[in-house]
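S.K.: Below you will find the structure I want to go over with you.
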Amino acid sequence: MSSFDLADWLLDIWILATASLVAASCAMVGVFLILRRQALMGDAISHSVLLGIVLAYLISGSNSLWVMLLGAVTIGLITAWLSESLHKVSRLQSDASIGIVFTLLFSIGVILVSLYTGQIDLDQECVLYGEIAFVPFDTIIWGDMETGTDIGPRAFWLILIVFLIVLISITLGFERLKTVTFHPSLALSLGISIPFWHYFLMTLVSMTTVASFDAVGAILVVALLIIPAASAYLLAKSLKSMLWLAVLYSQLSVWIGYALSYWLNSSIAASIAVSAGLLMIVTLLIMQIRKVQQKRHYLQQLNTEQA
Amino acid sequence: MSNQIPLQVEQLSIRYHHKPVLTDVSFSVPAGKTVAIIGPNGAGKSSLLKGIMGLTPVIQGNALFYGKPLAEKRLTTAYVPQREEIDWDFPIDVMDVVLMGRHGQLKFWQRPSQSDREIAEQALKDLQMWDFRERQISQLSGGQQQRVFLARALAQQASLYLMDEPFAGVDVATEKAIIELFKQLKAKGNTVVCVHHDLNTVSEYYDYVVLINSRLIAAGPTDEVLTQDNLNKTYGGRLSLLNDLTEQMYRSRLDNAHDSD
């Protein structure tokens, strides 16, 4: 009996660890998307990476982590580039261009998935919603299939690698990313390449979304990209504090969401997204109440001064 | 370097969606002077500055900085964008904005050093903004925001400064601080080129004037170029406005004459 409990407990740990890393990576990347007003780009890339995963699998015949990452990053960059080119050539608004490009790429992905259902281990529902509860069962075996040791879920290792890449990239490129995000033409006047840092960021978004795919799916990853960063934006006074706050919000969302899903016996990913939304609303409410209090305080001061 | 021409614009033309914004503009700017670019709204003043800095595509012509293309002289040229183009809600404090002036000298992984911080500190003190160094930029008045961006340009330690309407919508204290800054920069042999819109103050603040209205009307020392005839050519068609302005200008010149007595 006790061994059964231990296994159960381990499952929870793997799920929580994966969710935490997914949320933290999304939050860090999301900060830059929010500040650059490119939240829709996160939505776009999170969908079109499906095509990248499918193509990478069909071409290489393997579903190793590196092949998946490469496929996703390639399609992610193509999405960003195509959207921008369409915007420039057709003079459509940039949000319309993004909408055209990513839905097209995503649909091609969906068709390919249904055409090759037998060969690809991806079902359409899982693509859209993800299922983090199944994450612990798809594990990586180190070494031989029979004699090797089980080192834990695939999704966990993928997001751990991506989390480290995102963390190191943002730490190293922090000053440049700050300047480019704050004022592109100022950055350009200092000789900083805007396209380089734009596609650099798009690479990080692509990697983060593909790694989050198994866990939360294409729709809910958008919630994790945008909501914690947006909540942090409400409070932050510097870019550094915004990054920390976004990560804090994302972790709170994971813990509260996990408890919520346990209590309601519902989807973990959806509960995490709902918690992120609730935290944002609570933050907004507290800020509004404070504003009213401050106003009252000022009025009282004025009154006492007059009296 | 001081005997070279800090900025030379050669046959610059800019189109925006096939509409001509600037056509065949050529002029050069002398070293150690303050230079105003003036013209009516929509004359292409800001576009000219952006075209010079490579921030907007030009269809023809180029700009030389001390005889070299911009790529070789980026760090000796500091650009101050228009205040409206800046996202003032961005989570960043005053000190961080000013430190951006040092980024050109740093590799992408490097953080500003102690000496970079000292340069930024001096720039903030020069513009009386040191006390505000930890404020988020949204919590500043318009004039203070302008001074932060001037401090950023100053921290770059450039020798040519291109500013897009630095006097637009600022308070008296800031206006004085900017004029003081101009004097300081000129004393070091640096050159300042500003887009300017207030005709009343041109002759007081600037040594040299470039008049444009889609094309170059005139360029030269203020007292030679700022004539009724040239202003008519530049602002042509808006006579009522122009009459007011020339009258004001006449008065301000009278005031100046009295001042110098």
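The values are calculated or read from the model by the stated rules, or taken from the named source; none is laboratory data. In this text, all values refer to a predicted model and were calculated from it rather than measured experimentally. We place every Cβ from the backbone using ideal geometry, glycine too, and count neighbours over all the protein chains shown. The area values use the complete protein model at the heavy-atom level, side chains included, leaving out ligands, DNA and RNA. Shrake-Rupley method; radii C 1.70, N 1.55, O 1.52, S 1.80 Å.
S.K.: Among the residues of segment A:248-272 satisfying the criterion of being crowded, with 22+ Cβ neighbours inside 10 Å and aliphatic (A, V, I, L, M), which is farthest from A:I226 (Cα to Cα)?
M.R.: A:I268
S.K.: Would you check if B:R152 is at the interface with chain A (Cβ under 9 Å from one of its Cβ atoms), buried (at least 16 other Cβ atoms within 10 Å of the Cβ), charged (D, E, K, R) and under 30 Å from B:S47 (Cβ atoms)?
M.R.: So B:R152 fits the description; yes.
S.K.: Considering segment A:235-248 alone, what residues qualify as being more than 14 Å from chain B (Cβ to nearest Cβ) and more than 13 Å from the chain's Cα centre (by Cα)?
M.R.: A:L248
S.K.: Tell me whether segment A:1-14 contains one or more residues that are within 20 Å of A:L164 (Cβ to Cβ) and either crowded, with 24+ Cβ neighbours inside 10 Å or touching a residue at least 12 places away in the same chain (Cβ under 8 Å) (or both).
M.R.: Checked segment A:1-14: at least one residue is within 20 Å of A:L164 (Cβ to Cβ) and either crowded, with 24+ Cβ neighbours inside 10 Å or touching a residue at least 12 places away in the same chain (Cβ under 8 Å) (or both).
S.K.: Within segment A:32-54, track down each residue that is part of a helix (DSSP H, G or I), farther than 18 Å from A:V67 by Cβ and not β-branched (V, I, T).
M.R.: A:F32, A:L33, A:L35, A:A39, A:L40, A:M41, A:G42, A:D43, A:A44, A:S46, A:H47
S.K.: Here's something else I'd like to know. If you check A:A187, A:A218, A:A232, A:A155, which single one turns out to be under 18 Å from the mean Cα position of the chain (by Cα), of a type in the set (G, A, S), open to solvent by less than 10 Å² (accessible area, probe 1.4 Å) and within 10 Å of chain B (Cβ to nearest Cβ)?
M.R.: Answer to the check: A:A232.
S.K.: Just give me the residues in segment B:121-142 being in a helix (DSSP H, G or I), more than 21 Å from A:S185 (Cα to Cα) and open to solvent by 20 Å² or more (accessible area, probe 1.4 Å), in sequence order.
M.R.: Listed by number, the residues that qualify are B:E121, B:Q122, B:K125, B:D126, B:W130, B:D131, B:F132, B:Q139.
S.K.: Got a sec? Which helices (runs of 4 or more DSSP H) wholly within segment B:21-102 have at least 2 residues that are touching a strand residue (DSSP E or B) at 6+ places or on another chain (Cβ under 8 Å), open to solvent by 10 Å² or more (accessible area, probe 1.4 Å) and touching a residue at least 24 places away in the same chain (Cβ under 8 Å)?
M.R.: Once the helices (runs of 4 or more DSSP H) in segment B:21-102 are filtered for at least 2 residues that are touching a strand residue (DSSP E or B) at 6+ places or on another chain (Cβ under 8 Å), open to solvent by 10 Å² or more (accessible area, probe 1.4 Å) and touching a residue at least 24 places away in the same chain (Cβ under 8 Å), what remains is B:45-52.
S.K.: Continuing with the same structure: Hey, could you check segment B:103-120 for residues that are assigned to a helix (DSSP H, G or I) and more than 7 Å from every other protein chain (Cβ to nearest Cβ) and say which is farthest from B:L162 (Cα to Cα)?
M.R.: The qualifying residue farthest from B:L162 (Cα to Cα) is B:Q114.
S.K.: Still on this structure, I have one more. Can you pull out every residue in segment A:166-193 that is in a helix (DSSP H, G or I), of a type in the set (A, V, I, L, M, F, W, C) and closer than 19 Å to B:K73 by Cβ?
M.R.: Of everything in segment A:166-193, those that are in a helix (DSSP H, G or I), of a type in the set (A, V, I, L, M, F, W, C) and closer than 19 Å to B:K73 by Cβ turn out to be A:L186, A:A187, A:L188.
S.K.: Filter segment A:169-184 down to residues that are more than 14 Å from A:M242 (Cα to Cα) and buried (at least 21 other Cβ atoms within 10 Å of the Cβ) and give me whichever is farthest from the other protein chains (Cβ to nearest Cβ).
M.R.: Residue satisfying both the conditions and the ranking: A:V180.
S.K.: Return the residues of segment A:190-215 that are β-branched (V, I, T) and facing chain B (nearest Cβ under 9 Å); say none if nothing qualifies.
M.R.: Result: A:I192, single match.
S.K.: Another question, if that's okay. Can you tell me which residue in segment B:188-207 is most open to solvent (accessible area, probe 1.4 Å), limited to those that are without any contact (Cβ under 8 Å) to a residue 60 or more places away in the chain and acidic (D, E)?
M.R.: Residue satisfying both the conditions and the ranking: B:E204.
S.K.: On to the next question. Condition check: in contact (Cβ under 8 Å) with a residue 12 or more places away in the chain and either within 30 Å of A:P136 (Cβ to Cβ) or part of a loop (DSSP other than H, G, I, E, B) (or both). Does A:A230 satisfy that?
M.R.: Spelling it out, it is not the case that A:A230 is in contact (Cβ under 8 Å) with a residue 12 or more places away in the chain and either within 30 Å of A:P136 (Cβ to Cβ) or part of a loop (DSSP other than H, G, I, E, B) (or both).
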